[in-house]
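Heads up: the structure comes next, in structure tokens.
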Amino acid sequence: MTEQSDDTTPTIEINYADGIPNNVDLYADRRLQRAMEKWHPKFLDWWNASGPDGFQTADVYLRTAVGVDPKGWAVFDHVKMPDYRWGILLANKIEDRKIGFGRHKGEPAWQEVPGEYRSLLKRLLIIQGDTEPASVEQQRYLGKTCPSLYDLRNLFQVNVEEGRHLWAMAYLLQKYFGRDGREEAEALLERRSGSADKPRLLGAFNEKTPDWLSFFMFTFFTDRDGKMQLESLAQSGFDPLSRTCRFMLTEEAHHMYVGESGVARTMQRTTQAMTEAGVTDPYDIEAVRKLGVIDLPTLQKKVNFHFSVTLDLFGSEISTNAGNAFSAGIKGRFREDSIEDDHQLLNDTYSLLRCINKRLVMVDEPAVNAINARLLDDYISNVESGLKRWNRVLEKTDFDFTIDLPHRAFNRRIGEFSNVSVTPDGEILTTQKWQQQQADWLPSEEDERYLQSLMKPVVERGAYANWIAPPKSGINKKPGDFEYVALH
Ligand code: BYC
Ligand code: FE
Ligand code: FE
């Protein structure tokens, strides 16, 4: 007997012959084709105006999807970013897929938008779609200060894929939401990260990503929110959304890898430089900075910032919006299909930390209202495993330092803890006291200035900025001095 793949659905080929690569038979739907073809040049205008600054004529060693199954979907080649084959790619259809949760559990998954959930669904697509271009805008100027060609290539890989994630949401909006959908797809290209009059929709996506450490932290913490949200949407009873998100998730893993390995390489280089120079105290910031590397306390402050800002992206812990989306079968829990319960949560409770009368207490709440709280818990435990891997890098050194996550109530703007001032250890302070101490917990202007001072471009093949160690291995098994980006 020959070995069979466990995926028995036939792979739908990606059509690269016509204008827009796709595996959704785009060219059979004239109305949609016209809408996407109208949107495409506007997307390119956005990319040129707000995507990576410069480098548009450079040849970048990028991966492009050639298939949509988790194994072996990518080819690598040098391409100019504006020529990247953005397209519409959905994971293969699962025959007879059923809705897995909520009041429609067990009914066939929807292939069209259920009328009663139209606006709920549209809102989720808009929010998801808004974050993708926002992150590209936030990272627009990083190319100019890349620590190596390898890192520059990774930045651009992340950028083009976030661009494709925008395509994914623009496709769903234009295919399933008629004229409103077309307008919303255009609006996704009009809002701008950090803009005063047309900002992006969620807080963290209007923050700056001013240096490469911020970029690595962002891809570790914030792209991981992307993963959690996409996992929840991949459970959706609306099948086109589920298939879209399943394919997006295969791209997401690399983004988090870029962040995790970027921070690990930074810590490795810092501790190496300290050892070589005989600096024994990690808190002797002046001595460490003299070596031109990033001191560990500043790294901790960056963790505090990016973690707390990202927690806000989960919305309020107690949320009827999220409960409605769950009961409707539109947005599930993290890996809903491997949870063992009735998937309806009619009588279940969930235990979560709340802030009541300015005190932090554990409370049991109806589980259906605590969907966001649960996803937040799943996110935090996912982050914790990454942190353990970082701390292993530190354990191998002679320094007594660990990176810790701040308390979940620290520095929050959204949800349960938005009205209290909490230290990284979970102690409630008066706002005034908290503000006096915040420079100990969050990057100060001086810290930011120091980081900026390190951001000098290194573009010689095989060379790395002094503050970061080279990666353990290259992309697609390429050697260290490979020309990941050919600058012209
Ligand atoms: N900022 O009941 P609530 C990614 C609003 S990242 C501003 O608390 P709900 C990526 C909310 O809209 C993943 N406003 O929470 C990563 C609502 O307003 P309306 C992105 C906020 O509804 C890196 C009100 O407050 N995807 O992909 O459950 C690079 C009350 O809402 C915020 C998704 O988020 C905030 N932080 O919302 C590239 C998935 N939080 O409607 C990409 C789709 C809440 O009353 N979105 N509000 O005016 C959702 O599932 C949900 O909308 C949220 C939480 C998770 C955002
Ligand atoms: Fe994305
Ligand atoms: Fe991402």
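The values are calculated or read from the model by the stated rules, or taken from the named source; none is laboratory data. Every value quoted in this text rests on a predicted model; they were computed, and no experiment measured them. All Cβ positions, glycine included, derive from the backbone under ideal geometry; neighbour counts span all protein chains shown.
In this entry, Glu251 passes the filter for residues that are buried (at least 20 other Cβ atoms within 10 Å of the Cβ), at pLDDT below 95 and within 16 Å of ligand 2 (Cβ to nearest atom).
Looking across Asp130, Asp96, Asp59, one residue alone is on the phi < 0 side of the Ramachandran plot and either without any contact (Cβ under 8 Å) to a residue 24 or more places away in the chain or touching a helix residue (DSSP H, G or I) at 6+ places or on another chain (Cβ under 9 Å) (or both). It is Asp130.
For region 251-290, the set of residues classified as free of Cβ contacts under 8 Å to residues at least 60 places away in the same chain and hydroxyl-bearing (Ser, Thr, Tyr) consists of Tyr257, Tyr283, listed by residue number.
Quick test for you: out of Glu340, Glu336, pick the one residue that is touching a Gly at 6+ places or on another chain (Cβ under 8 Å), at negative phi and surrounded by fewer than 23 Cβ atoms within 10 Å (Cβ to Cβ). None of the other options fit; the residue is Glu336. Kindly evaluate Tyr450 against the criterion of being part of a helix (DSSP H, G or I), at pLDDT 95 or above and touching an Asp or Glu at 6+ places or on another chain (Cβ under 7 Å). Against the criterion (part of a helix (DSSP H, G or I), at pLDDT 95 or above and touching an Asp or Glu at 6+ places or on another chain (Cβ under 7 Å)), Tyr450 does not qualify. Within region 205-252, if we keep just the residues that are out of contact with any Leu (no Cβ under 9 Å at 6 or more places or on another chain) and not in a helix (DSSP H, G or I), the residue that is nearest to ligand 3 (Cβ to nearest atom) turns out to be Glu207. Residues of region 238-268 that are more than 14 Å from ligand 1 (Cβ to nearest atom) and either in contact with a His (Cβ under 6 Å, 6 or more places away or on another chain) or aliphatic (A, V, I, L, M) (or both): Val263, Ala264, Met267. For region 198-215, the candidate set comprises residues that are within 16 Å of ligand 2 (Cβ to nearest atom) and over 12 Å from Leu313 (Cβ atoms); within that set, the residue that is surrounded by the fewest Cβ atoms within 10 Å (Cβ to Cβ) is Thr209. With respect to (1) small (Gly, Ala, Ser); (2) within 16 Å of ligand 3 (Cβ to nearest atom); (3) surrounded by fewer than 16 Cβ atoms within 10 Å (Cβ to Cβ), the lone exception for Ser135 is condition (3). Per this entry, Ala109 is counted among residues that are in contact with a strand residue (DSSP E or B) (Cβ under 9 Å, 6 or more places away or on another chain), away from ligand 2 (no atom under 16 Å from the Cβ), touching a residue at least 60 places away in the same chain (Cβ under 8 Å) and over 18 Å from Ala58 (Cα atoms).
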